[in-house]
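J.: Right, I'll just put the structure down here and ask away after.
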Amino acid sequence: MNRIVEEVTDGIRERSRASRAAYLRRVDAAGREAGERGPARTTLGCANLAHGFAASPAADKLALRGSVKPGVAIVTSYNDMLSAHQPYETYPAELKAAVRAAGGVAQVAGGVPAMCDGITQGRAGMELSLYSREVIAMATAIALSHDMFDAALLLGVCDKIVPGLLIGALHFGHLPALFVPAGPMTSGLPNKTKARARQLFAEGRIGRGEMLDAEAKSYHSPGTCTFYGTANSNQVVVEVMGLHLPGATFVNPHTELRHALTEAAGRRAVELTAHGPEYTPVGHVVDERAVVNGVVALLATGGSTNHTMHLVAIAAAAGIDLRWDDFAALSAAVPLLTRIYPNGQADVNHFQAAGGMRVLIGELLDAGLLHEDVLTVAGRGLGHYRCAPELKEGTPVWQEQAGGSGDLDVLRPVADPFSADGGIHMLSGNLGRAVSKVSAVKPEHQVVEAPALVFDDQLDLLAAFEAGELDGRDFVAVIRYQGPAANGMPELHKLTPPMAVLLDRGRRVAIVTDGRMSGASGKVPSAIHLSPEAAKGGPIALVRDGDMIRLDAAGGALELLVPQEELARRTPQGAPPSDEQWSGTGRELFTAFRRTAGPAERGAGIFAMNGVYGVNGEGL
C-alpha cells in the first residue's frame, strides 16, 4: 500500500474508533437477530403483514405469507422527466422477476425525489438541491422502516440521489444494499462544441434557438448526461466502494448487457441476505478503507467537488469521521488518470471504450493506491473489479481482461498520469477553507491575484457582465451568502460561461464563493464551498470591492490581502435572504433546514450522524 493512503486510513480509523464501534454494535446486533429469526417480516403481527402483501400478485403473496423466502426492497428514484432516471421505469418488473427466480420476493418499498440540477441551474429550485439529499435519506429510511425486508436494491444515479440513498441505507446497516445503475446516454454533440456555443450565447453572438439546438443535441436520450459531473462521479465512487456489480457503471441503457446486469443485481441481492450464502451488510461494506477508496477514485478521475461534502456525510452515516484534510493528504499522493469533460474533451462513453472502470481500478490497485482487502457486493476483495462483464447466452460472465488503456488521451496508467496529484485541491488562509477543482484549469491560471468584486447574488454578476461592466478588468468575483445556512448552497454553474469568456479575452479572473460550482466546474479558477460561510460570520462577509485577493490553487492558499488590524475594524456587510424573501418554489417548506444546516466541510447536513457530528456540524 502507498504510505500516505495507509496513514490517512489509519488516521480516520483512529479518530472514528468510538463512533464506528457504536455504529457497528447496532449493525451487528440487528444482523445477528436477522440470522436467527428468518426473514424480517416474520416478526410482524398478522394485521401488519397482511397490509404488507395485500396488493401483491398471488405467487408473491404466498411467498410473503411464508417464512422462508427473503424479502428485497426496491427503492427507486424513477421519474420520466429526468433522462438519467427514466430507464428505471422498467426496472421493478425486471428485478422482481430476477429476485423471484433466485428464491426471494421483491417489492417496491418506496420512491425518493430526484430533482435535476441541470434544469434548476440559476433558478430558485436550485436552492433546494442540496437539501434534497437529506429528504432522500429520510425517504429511504421511511421505505425501509416497514420491517419487511432483508436486502435493498437502490435505484439512483444523479447528484444528491445516490448520496441520499446511501445515507438512508446506512441507517439500516445490517441490510445488504446494492446500487443498480441505469447507464449513460449515448454520445451527442461534442463537449467542446457545446461549451463554445454556451460562450457565444453568453456574448450574445447566437440566439436562443441555436443555443437550444446545441443543448438538445447534447442531452438527447434516456441515460445519464455524458459529461463527468456529479452524476457520473457518483457512479465511479460507488463502484470503487464496492456497491455496484463490477463493470456495471457505464453500460448504456436499453442494451442487452444493461438488462442482464440489472437481472444479475436482483439475483445477487438474494445471495447477500442473512439467509443466503454470503451475508454482506452494507454497514460493513462501507468501512474506513472503502471510504478512502472512494476519495482516491474521485481524485484520480478529477471528479465532482460535490463529493467533498457527500463523502463526508456518507462516511458519517457509517460512524466514520472523514475530513477535508484527508482529501488534501490523499490528493498529494493520487495522480490524475483521466481526462473527461470538463477536464478534457472526451465523455464517459469514451472512457468506457478506453477500458473504463476495469483499467482504472486495476491501475490504482497495482500502484497500492486502493485497499484491495475490502468487502464488496461482488465478494471479498476489490480484485473482483478488475473484471468486466461479457454476455454469454444472455447472462453476464465476469472475466479478468489483459491490457491497459485503449486511449491514452482519455485514460492513462499511474506511471504516466496527466498530473502527479489529484484534480481537487484544498485551500486555506485568512478567508477560511475552500475547495478548488484544478483538473480543468490550465497551470497558468491556477494563481490569480486581483481586486475583489463583491456580489451577494449570482444574478448581479450576470447582469454586470451583460451590461459590459466587467469588460477589460482583472478581478476575483466574490459571491457570498450562498452557503447551506444562507440559501441552501446552490450551484453557481451559470457563472461559468461569462467568466470563461473573460478568461478567453486574456483577463485574470477567478471566483471565490461559499456556494457550489458542481462537478461541471470548468476552466475558471475557483475557490468554492468556503467555510465558514458568510451567514455564519465567515470572513468572506468582510470583503469589500477593491480588496486584493490571492487565490493560489496550486499552492493551496486563499488570502485576503488586507491588514489584520483593518479587518478587525470591519463589520459584516450584506445578509442572507430573510424568511420572507426566501419563499416561493416551495422554499419556505425548508426553512428549518436552513436553520440547522452544518458547514460544507462537515458535509452540510441537517441532522446528527451516528456520533461523528451533530446539528450544525458540531463535533460530539
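J.: Can you tell me which residues in region 431-474 are open to solvent by 20 Å² or more (accessible area, probe 1.4 Å), among the β-branched types (V, I, T) and either closer than 25 Å to P576 by Cα or in a helix (DSSP H, G or I) (or both)?
T.: Matches in region 431-474: V454 only.
J.: Which of (1) more than 23 Å from G355 (Cα to Cα); (2) open to solvent by less than 10 Å² (accessible area, probe 1.4 Å); (3) touching a Phe, Trp or Tyr at 6+ places or on another chain (Cβ under 6 Å) is the odd one out, the single condition G283 does not satisfy?
T.: Exception for G283: condition (3).
J.: Please find, within region 384-432, the residue that is nearest to the chain's Cα centre (by Cα) out of those that are farther than 30 Å from K523 by Cα and among the small types (G, A, S). Before you say what the answer is, go through the steps one by one.
T.: First, pick out the residues of region 384-432 that are farther than 30 Å from K523 by Cα: 384-403.
Keeping just the survivors that are among the small types (G, A, S) gives 388, 394, 402-403.
Details: A388: 23, G394: 32, A402: 30, G403: 29 Å.
In this case the residue turns out to be A388.
J.: Every residue in region 507-532 that is open to solvent by 10 Å² or more (accessible area, probe 1.4 Å) and either under 22 Å from T571 (Cα atoms) or modelled with pLDDT of 95 or more (or both), please.
T.: Of everything in region 507-532, those that are open to solvent by 10 Å² or more (accessible area, probe 1.4 Å) and either under 22 Å from T571 (Cα atoms) or modelled with pLDDT of 95 or more (or both) turn out to be R507, R508, P532.
J.: Still on this structure, please answer the following. Residues of region 113-127 being surrounded by fewer than 24 Cβ atoms within 10 Å (Cβ to Cβ) and closer than 15 Å to T230 by Cβ, which ones?
T.: M115, C116, G118, I119, T120, Q121, listed by residue number.
J.: Checking the condition modelled with pLDDT of 95 or more, touching a Leu at 6+ places or on another chain (Cβ under 6 Å) and among the aliphatic types (A, V, I, L, M), which residue from A477, A452 passes? Break it down stepwise before answering.
T.: On the way: A452 fails: touching a Leu at 6+ places or on another chain (Cβ under 6 Å).
The conditions single out A477.
J.: Going by what's in this entry, would G38 be described as under 23 Å from L272 (Cβ atoms) and at pLDDT below 95?
T.: Here the answer is yes, as G38 does meet what is asked.
J.: Cβ-Cβ below 8 Å, separation at least six or inter-chain, first residue in region 525-547 and within 14 Å of V454 (Cα to Cα), second open to solvent by 40 Å² or more (accessible area, probe 1.4 Å) and among the aliphatic types (A, V, I, L, M): which pairs?
T.: Within 8 Å, the pairs are D547/L561.
J.: Would you mind telling me which numbered condition in (1) touching a strand residue (DSSP E or B) at 6+ places or on another chain (Cβ under 6 Å); (2) closer than 26 Å to G247 by Cα F149 fails?
T.: Looking at each condition in turn, F149 falls short on (2).
J.: Now for a separate question. Counting just the residues of region 580-620 that are modelled with pLDDT under 95 and of a type in the set (D, E), which one comes out farthest from the chain's Cα centre (by Cα)?
T.: Only one residue fits best here, namely E580.
J.: Taking the stated definitions as given, is T249 modelled with pLDDT of 95 or more, part of a loop (DSSP other than H, G, I, E, B) and β-branched (V, I, T)? Working first, answer last.
T.: Details: modelled with pLDDT of 95 or more: yes; part of a loop (DSSP other than H, G, I, E, B): yes; β-branched (V, I, T): yes.
It is true that T249 is modelled with pLDDT of 95 or more, part of a loop (DSSP other than H, G, I, E, B) and β-branched (V, I, T).
J.: Output the number of residues of region 488-506 satisfying the condition of being of a type outside the set (D, E, K, R) and open to solvent by 10 Å² or more (accessible area, probe 1.4 Å). Full working, then the answer.
T.: Initially, region 488-506 is screened for residues of a type outside the set (D, E, K, R), giving 488-490, 492-493, 495-503, 506.
Next cut, open to solvent by 10 Å² or more (accessible area, probe 1.4 Å) only: 493, 496-497, 503, 506.
Here the count works out to 5.
J.: While we're looking at this one, here's another question. Check R339 against each of (1) under 18 Å from the mean Cα position of the chain (by Cα); (2) crowded, with 24+ Cβ neighbours inside 10 Å; (3) basic (K, R) and name the one condition it does not meet.
T.: R339 satisfies all of (1) under 18 Å from the mean Cα position of the chain (by Cα); (2) crowded, with 24+ Cβ neighbours inside 10 Å; (3) basic (K, R) except (1).
J.: Where the second residue is assigned to a helix (DSSP H, G or I) and the first is over 20 Å from A139 (Cβ atoms) and lies in region 113-125, which pairs have Cβ atoms under 6 Å and are six or more apart or on separate chains?
T.: Once the first residue is over 20 Å from A139 (Cβ atoms) and sits in region 113-125, its partners that are assigned to a helix (DSSP H, G or I) give Q121/H493; Q121/K494; G122/K494.
J.: What residue, among those in region 5-28 that are within 25 Å of the chain's Cα centre (by Cα) and over 16 Å from R323 (Cα atoms), is most open to solvent (accessible area, probe 1.4 Å)? Lay out the reasoning, then the answer.
T.: Going residue by residue through region 5-28, those that are within 25 Å of the chain's Cα centre (by Cα) are 5-13, 15-16, 19-20, 23-24, 27.
Then drop every residue that is not over 16 Å from R323 (Cα atoms), which leaves 23-24, 27.
Numbers: Y23: 6, L24: 38, V27: 9 Å².
Per the criteria, the residue is L24.
One line per residue, one yes/no per condition, for (1) of a type in the set (A, V, I, L, M, F, W, C); (2) in contact (Cβ under 8 Å) with a residue 60 or more places away in the chain:
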position: A367; (1), (2): yes, yes
position: D373; (1), (2): no, yes
position: A388; (1), (2): yes, yes
position: G406; (1), (2): no, no
position: R412; (1), (2): no, yes
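J.: I'm checking my understanding of the structure. Among residues of region 542-579 that are on the phi > 0 side of the Ramachandran plot and more than 26 Å from the chain's Cα centre (by Cα), which one is surrounded by the most Cβ atoms within 10 Å (Cβ to Cβ)?
T.: First, pick out the residues of region 542-579 that are on the phi > 0 side of the Ramachandran plot: 546, 556, 574.
In the following step, the residues that additionally are more than 26 Å from the chain's Cα centre (by Cα) were identified as 546, 574.
Values: G546: 11, G574: 16.
Filtering region 542-579 for residues that are on the phi > 0 side of the Ramachandran plot and more than 26 Å from the chain's Cα centre (by Cα), the one surrounded by the most Cβ atoms within 10 Å (Cβ to Cβ) comes out as G574.
J.: Identify, from the list V270, V286, the residue that is modelled with pLDDT of 95 or more, farther than 25 Å from A553 by Cβ and in contact with a Gly (Cβ under 6 Å, 6 or more places away or on another chain). Even if it seems obvious, please write down each step before you answer.
T.: Working: V286 fails: in contact with a Gly (Cβ under 6 Å, 6 or more places away or on another chain).
The match here is V270.
J.: Which one of A34, A55, A18 is not basic (K, R) and not in a helix (DSSP H, G or I)?
T.: Values: A34 fails: not in a helix (DSSP H, G or I); A18 fails: not in a helix (DSSP H, G or I).
Result of the check over A34, A55, A18: A55.
J.: Mind listing just one residue for me: the one in region 128-173 that is open to solvent by less than 10 Å² (accessible area, probe 1.4 Å) and of a type in the set (S, T, N, Q) and, of those, farthest from H259 (Cα to Cα)?
T.: Taking the candidates together, the pick is S129.
J.: Can you confirm whether K69 is more than 30 Å from the chain's Cα centre (by Cα), closer than 27 Å to T262 by Cα, in contact (Cβ under 8 Å) with a residue 24 or more places away in the chain and open to solvent by 20 Å² or more (accessible area, probe 1.4 Å)? Spell out the reasoning first.
T.: On the way: more than 30 Å from the chain's Cα centre (by Cα): yes; closer than 27 Å to T262 by Cα: yes; in contact (Cβ under 8 Å) with a residue 24 or more places away in the chain: yes; open to solvent by 20 Å² or more (accessible area, probe 1.4 Å): yes.
Judged against the criteria, K69 is a match.
J.: Here's something else I'd like to know. Does G110 meet the test of being closer than 22 Å to M81 by Cβ, of a type outside the set (S, T, Y) and open to solvent by 30 Å² or more (accessible area, probe 1.4 Å)?
T.: Working: closer than 22 Å to M81 by Cβ: yes; of a type outside the set (S, T, Y): yes; open to solvent by 30 Å² or more (accessible area, probe 1.4 Å): no.
No, not satisfied.
J.: Oh, and also: Would a scan of region 93-105 turn up a residue that is within 24 Å of M309 (Cα to Cα) and touching a Ser or Thr at 6+ places or on another chain (Cβ under 9 Å)? Talk me through it step by step, then tell me what you get.
T.: If we filter region 93-105 for residues that are within 24 Å of M309 (Cα to Cα), which is where we start, we get none.
No, region 93-105 contains no residue that is within 24 Å of M309 (Cα to Cα) and touching a Ser or Thr at 6+ places or on another chain (Cβ under 9 Å).
The values are calculated or read from the model by the stated rules, or taken from the named source; none is laboratory data. Everything quoted here is computed from the prediction, not taken from an experiment. Please note: Cβ atoms are built from the backbone with ideal geometry, for glycine as well, and neighbour counts cover all protein chains shown. These area figures cover heavy atoms from the full protein model, side chains too; ligands, DNA and RNA do not enter into them. Shrake-Rupley method; radii C 1.70, N 1.55, O 1.52, S 1.80 Å.
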